[in-house]
Amino acid sequence: MARRRRGRRRAAVIGALAAALLSVFLVTLTVGNTFYPLGDVIRVVLGEQVPGASFTVGTLRLPRAITGLLAGIAFGLAGVTFQTMLRNALASPDVIGITSGASAAAVFAITVLGTGGGVVSLLAVISGLGAALAIYLLAYRNGLSGARLILIGIGVGAMLDSVVSYLLLKSSSFEVQAALRWLTGSLGSAFWEGIPPLALSLLVLLPLIIVLTRRLTALQLGDESATALGVRVDRTRLLLIVVAVALAGVATATTGPIAFVAFLSGPIAARLVGGGRSLLIPAGLVGGLLVLTADLLGQFAFDTSFPVGVVTGAIGAPYLLYLLIRSNRSGGSL
């Protein structure tokens, strides 16, 4: 009976999140300097030519909304995978240094190599994977400890952030501005050309991570229990890390490091769904909802427009402080 009740709650939460995500997505297409009725927006989405709306909605707003949706889902999936696998709310790509690896490579490409676009994205993905591999190897001692991986990841992230600071210090003002626009995390430069790699990555990686859901849930019980259930712990953990880092890396390469979306999505989904169930789908939906809502707030809630990463950072930083305070009071348990 209790299991059935939890299942109904999970289904209801997923349905409500999907409805909210669709609503916010449509709002982002209708609201702006010019308001377009929902009927005109739907006609543009269906491929009809609508004077004025076809350019504003079809060329400017729609790719921005799709990019935010897909990147948010990717960040949410990556974050909850790490948090569930390592059983620690701090274990998200933007906290343990993986995003810092992508950022360092992107800033190097912009300020030293003088490149942009696809080269920056490719180097960001490769560097994110490299940072994850380095953190994994440094943390592995007769098995992988979640706490050790997080501490090493934070240290590696701090070193990579210092590299970013050095590159910015030695660069021209024009290069610094370009790098800072990328580092902030923004949907302002989202166009159709950047969507296919992100969409293709999700199409490949999402089914793979769903197939691994049972093993991921088993890892949440601890290594010994997972082994007793027939899960090959080290191999499964390495595969999950690769998939999660690829999701975070591709999203970061497309939008820049949108702060704290990966960090917040899992805990919010856990609060809504409750325990005992996989959080992958709810966390992905929460990630998309966070990015689109933050982008709307950044554009229209203040006198000055702010990139989406500024808004998510303002939301996520207090929660990170709350977690650290709670950890200190409870003797280090998160």
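The numbers here are math on the coordinates, done by the rules we state, and not lab data. This one's a predicted model, so the numbers in the text were calculated from it and none came from an experiment. Every residue, glycine among them, receives a Cβ derived from its backbone with ideal geometry; neighbour counts consider all protein chains shown.
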Checklist line | Choice from T227, T30, T184 with maximal GNM fluctuation in the chain (Cα, 10 Å cutoff) | finding: T227
Notebook entry, point to check: Considering the chain as a Gaussian network with a 10 Å cut-off on Cα pairs, which listed residue, I281, I98, I73, attains the greatest mean-square fluctuation?
Noted result: I281
Notebook entry, point to check: With charges set only on the Cβ (+1 for Lys and Arg, -1 for Asp and Glu), what does the dipole of region 197-334 come to about its Cα centre, in debye to the nearest 20?
Noted result: 440
Next item on the list: Using the number of other C-beta atoms within 10 angstrom as an exposure proxy, rank L203, L86, L144 with the fewest first.
Entry: L203, L144, L86
Next item on the list: Give the residue from Y322, T34, N142 lying farthest towards the positive end of the charge dipole for the chain; charges sit on Cβ (+1 for Lys and Arg, -1 for Asp and Glu) and the dipole is referred to the Cα centre.
Entry: N142
Margin query: Quick check: Cα centre of region 152-170 to Cα centre of region 1-59, how many Å?
Written below: 38
Note to self: I want to verify a result. In a Gaussian network model of the chain, Cα cutoff 10 Å, which of these has the top mean-square fluctuation: A190, A301, A124?
What the structure shows: A301
Next item on the list: Please report the relative contact order for region 1-108, taking Cα pairs under 8 Å with a sequence separation of at least 6, and give it as a percent rounded to a whole number.
Entry: 14
Check: Each residue of region 225-231 in order: what ³J(HN,Hα) in whole Hz does its phi give by Karplus 6.51 cos²θ - 1.76 cosθ + 1.60, θ = phi - 60°, with x for Gly and Pro?
Finding: 5, 5, 5, 5, 8, x, 8
Next item on the list: Would you order I135, I325 from fewest to most other beta-carbon atoms within 10 Å of each residue's own beta-carbon?
Entry: I325, I135
Check: Which three lengths, in whole Å and largest first, does the chain cover when its Cα atoms are put on their principal axes?
Finding: 63, 59, 38
Next item on the list: Give me the compactness ratio for region 8-80, meaning the Cα radius of gyration over 2.2 N^0.38 Å.
Entry: 1.28
Note to self: Report the Cα centroid-to-centroid distance between region 199-235 and region 65-99 in angstrom, as an integer.
What the structure shows: 15
Notebook entry, point to check: For the charge dipole of region 2-329, defined by +1 on Lys and Arg C-beta atoms and -1 on Asp and Glu C-beta atoms about the Cα centroid, which residue among A158, L77, V261 has the Cα displaced farthest towards the positive pole?
Noted result: L77
Checklist line | For region 182-317: relative contact order, % (alpha-carbon pairs under 8 angstrom, 6 or more apart) | finding: 33
Next item on the list: For a footprinting-style exposure proxy, rank M85, M159 by other Cβ within 10 Å, fewest first.
Entry: M159, M85
Check: Percent relative contact order of region 2-329, based on C-alpha pairs within less than 8 angstrom and at least six residues apart?
Finding: 30
Item checked: Magnitude of the charge dipole, the chain, Cβ model with Lys/Arg +1 and Asp/Glu -1, debye to 20 -> 1540
Notebook entry, point to check: Just going by the charge dipole of region 110-242, with Lys and Arg at +1 and Asp and Glu at -1 on Cβ, which of V231, Q220, G114 is farthest out on the positive end?
Noted result: V231
